[in-house]
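> Encoded as structure tokens, here's the structure I'll be asking about.
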Amino acid sequence: MTDGLLLTPALVTCAGLHAPMRGPDLQRIEVVADGAVAWRGGAITYTGPASALGERDRAGLTVHRAAGAVLPGFVDCHTHLPFFGWRADEFEARLAGKSYRDLHGGGGIYRSARMLAGASDEEVLDFCRPLAEEMLAHGTTSLELKTGYGLSLEAELRQARVARRLAEAIPQNTTVTLLACHAIPEGRTREQWVEDVCSELIPAAAAEGLADAVDVYVEDIAFTVDDLEKVAGAAREHGLPVRCHTDQLGPSGAAEAAIALGARSADHLNHVSKDGVRSLGVAETAAVLLPVSTMFLRAQPPPVTDLLAAGATVVLATDFNPGTSPCLSMPEVLSVAASLYRLPPLPSIAAATLNPAWVLGLHDRVGSLEPGKQADFVVLDSDDPAMIPYRPGHNPVAETWISGERVSAR
């Protein structure tokens with residue numbers, strides 16, 4: 001861990017704000033001109049105007065000068081790493097008129113499960129490490145890893161173990177989510193698999209320390225609200241928070257159910273009901289939006305304006321996976337969110353840093369730049385944060401720092 005002081009023409013801290021930030025509060029994000037970030041032992045000791053930094057605070061610190069704006073490292077709270085292999089032909093099939101549902105039987109999740117099963121642990125790690133490095137170059141300093149491509153008790157546990165090994169091999173902060181109910185395994189009924197998950201998979205993953213949260217995909221081609229309730233009960237017995245893939249392909253009432261169960265997040269929300277929007281406006285459950293997935297599937301966008309007006313905790317993430325969102329860049333997510341959702345640059349930064357840190361339970365360590373937290377930040381190649389969404393396809397991140405150490409630069 002190093003000590004240091006970074007001077008920047010523009011600083012976005014998201015500091016002094018209650019996590020998570022809700023609805024209109026996202027408009028409170030400000031840019032500090034001629035700012036400074038100081039840290040010792042990898043932990044932040046000062047953020048704010050450089051002119052207010054005292055001599056004692058800067059004594060003995062190595063001074064770095066950033067050419068562009070500085071903001072908290074991105075936190076990607078919804079990915080499907082680790083996986084193995086791509087599914088570009090399914091993308092072509094959708095362009096030719098096939099739907100996600102058409103490809104689900106034998107393809108999609110099931111195909112990724114077969115590819116993962118056919119690769120060794122080392123092959124999976126060799127495939128995923130460069131992807132995590134690319135995420136780092138795009139400013140992601142914390143991320144979720146997830147199971148869901150195992151589709152058997154042992155294979156799900158194996159994927160969770162690989163996720164923990166991947167976490168040890170990369171510099172980012174990570175958590176692992178047990179996506180226990182992603183698709184119904186071949187040879188099992190939905191009811192049988194849910195029972196397996198509740199009685200065997202969750203207890204085994206908890207006993208081995210393999211999971212930090214549990215997730216359920218509620219959809220007419222996957223699992224039901226009743227299944228979510230059963231899995232949430234088992235997760236709660238083992239002290240694990242619950243997340244939920246909700247209302248992606250159609251309305252299901254999953255968002256309302258997730259809220260009633262005290263879920264940490266409801267993700268996707270393309271078809272969330274008006275009641276769901278109102279409930280998200282007052283609930284602790286965060287609304288995790290996945291704009292690249294929405295664009296990639298040409299899906300109905302979620303009611304983002306209504307969610308913000310209701311006071312929901314809005315979060316942005318990549319949904320990085322080989323089928324429906326092969327995008328690992330958080331800057332690209334912000335760009336698509338600006339175009340699809342009309343989400344302005346500064347609120348989108350909070351939705352990609354502080355709020356997702358809360359979803360992952362990391363908000364006391366990362367997500368904002370303020371004393372006591374890790375010195376995780378990115379340096380842009382421009383002094384204007386609006387350049388992030390303004391230039392889709394361009395990586396605006398010049399440097400990525402974790403715990404006060406530069407871990408990526410171009």
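> log10 I(q)/I(0), Debye, Cα-only the stretch 201-323, no solvent, q = 0.14, 0.23 Å⁻¹?
Result of the Debye calculation: -0.56, -1.32.
> Would you mind computing Rg(Cα) / (2.2 N^0.38 Å) for the stretch 135-293, counting N as its residues?
1.01
> Running a GNM on the chain with Cα contacts under 10 Å, which residue among Ala117, Ala266, Ala59 ends up with the highest mean-square fluctuation?
Ala59
> Something else: Cα atoms only: what Rg and Dmax, in Å, come out for the stretch 301-410?
In Å, with Rg to one decimal and Dmax whole: 14.3, 41.
> Now for a different question. Considering only protein heavy atoms, what is the solvent-accessible area of Glu30 at a probe of 1.4 Å, reported in Å² to the nearest 10?
Roughly 140 Å² of Glu30 is accessible to a 1.4 Å probe.
> Considering only DSSP beta bridges whose two residues both sit in the chain, what percent are antiparallel, to the nearest 5?
Once the DSSP bridges in the chain are tallied, antiparallel ones form about 45 percent.
> Kindly state, to the nearest 0.05, the FRET efficiency for Ile221 paired with Asp3, given R0 = 60 Å and r defined as their beta-carbon distance.
Here the calculated transfer efficiency is 0.70.
> How do Tyr149, Tyr46 rank by accessible surface area computed with a 1.4 Å probe, from largest to smallest?
Result, largest first: Tyr46, Tyr149.
> Still on this structure, please answer the following. Taking the inverse of the average 1/r across all pairs of different Cα atoms in the stretch 99-219, what Kirkwood radius in Å do you get?
Working: mean 1/r = 0.0665 Å⁻¹.
Answer for the stretch 99-219: a Kirkwood hydrodynamic radius of 15.0 Å.
> What is the percent of Cα-Cα separations in the stretch 131-171 that go past 17 Å?
I get 37 percent for the Cα pairs in the stretch 131-171 exceeding 17 Å.
> For a quick check of understanding: with a 1.4 angstrom probe and all protein chains in place, what accessible area in square angstrom does Thr305 have, to the nearest ten?
Rounded to the nearest 10, the figure is 100 Å².
> May I ask you to derive the FRET efficiency for His394 and Glu133 from their Cβ-Cβ distance with R0 = 22 Å, giving the value to the nearest 0.05?
Plugging the Cβ-Cβ distance into 1/(1 + (r/R0)^6) gives 0.75.
> Among 92-99, 63-70, how do they line up by average Cβ neighbours within 10 Å per residue, starting with the highest? All intermediate terms of the calculation are to be shown ahead of the outcome.
Values: 92-99: 11.4, 63-70: 18.2.
Descending packing order for the listed peptides: 63-70, 92-99.
> Along the charge dipole of the chain, Cβ charges K/R +1 and D/E -1, which of Leu308, Pro385, Ala338 sits furthest on the positive end?
Pro385
> Quick one: accessible area per residue over the stretch 92-231, 1.4 Å probe, rounded to a whole number of Å²?
Dividing the accessible area of the stretch 92-231 by its residue count gives 38 Å².
> When the helices in the chain are scored as -39500 (n - 2.57) per DSSP H run of 4 or longer and the sum is shared across all residues, what 222 nm value do you end up with, to the nearest 500 deg cm²/dmol?
Working: 17 runs with 143 residues, N = 410.
Per the formula, -9500 deg cm²/dmol.
> So what are the ³J(HN,Hα) numbers for the stretch 97-111, from phi and the Karplus equation (6.51, -1.76, 1.60; θ = phi - 60°), rounded to whole Hz, Gly and Pro as x?
So the Karplus estimates, Gly and Pro as x, are x, 6, 9, 4, 4, 4, 8, 5, x, x, x, x, 4, 5, 5 Hz.
> Another question, if that's okay. By per-residue mean of other Cβ atoms within 10 Å, what is the highest-first order of 127-134, 248-255, 36-43?
Working: 127-134: 16.5, 248-255: 22.0, 36-43: 20.4.
Final packing ranking: 248-255, 36-43, 127-134.
> Work out, in µm²/s and without decimals, the Stokes-Einstein translational diffusion coefficient of the stretch 27-128 at 20 °C, 1.002 mPa s, Rh from Kirkwood over C-alpha pairs.
114 µm²/s
> Sequence gap at least 6, Cα distance under 8 Å: using those rules, report the relative contact order of the stretch 1-152 to the nearest whole percent.
Values: 205 pairs, mean separation 39.8, N = 152.
Relative contact order, the stretch 1-152: 26 percent.
> Quick one: with all protein chains in place, what share of the accessible area of the chain is carbon or sulfur, to the nearest percent (1.4 Å probe)?
Using a 1.4 Å probe with all protein chains present, the chain comes out at 50 percent carbon and sulfur.
> With θ set to phi - 60° and the Karplus curve 6.51 cos²θ - 1.76 cosθ + 1.60, what are the ³J(HN,Hα) couplings of the stretch 29-34 in order, to the nearest whole Hz, using x for Gly and Pro?
With coefficients 6.51, -1.76 and 1.60, one gets 5, 10, 9, 8, 6, 6 Hz.
> Moving to a separate point now. Give me a comma-separated list of calculated 3J(HN,Hα) values for the stretch 295-309, in order, Karplus coefficients 6.51, -1.76, 1.60 applied at θ = phi - 60°, integers in Hz, x for any Gly or Pro.
5, 5, 8, 6, 8, 5, x, x, x, 5, 4, 5, 4, 5, 5
> If you put +1 on each Lys and Arg Cβ and -1 on each Asp and Glu Cβ, how big is the dipole of the chain around its Cα centre, in Debye rounded to 20?
580 debye
> Given the whole protein assembly as supplied and a 1.4 Å probe, what does the accessible area of Met387 come to in Å², nearest 10?
Met387 exposes around 60 Å² with every protein chain in place.
The values are calculated or read from the model by the stated rules, or taken from the named source; none is laboratory data. Small disclaimer: the values here were computed from a predicted structure and weren't measured. Here the Cβ is made from the backbone with ideal geometry for all residues, glycine too, and neighbour counts use every protein chain on show. Note: areas computed on protein heavy atoms with side chains; ligands, DNA, RNA excluded. Shrake-Rupley method; radii C 1.70, N 1.55, O 1.52, S 1.80 Å.
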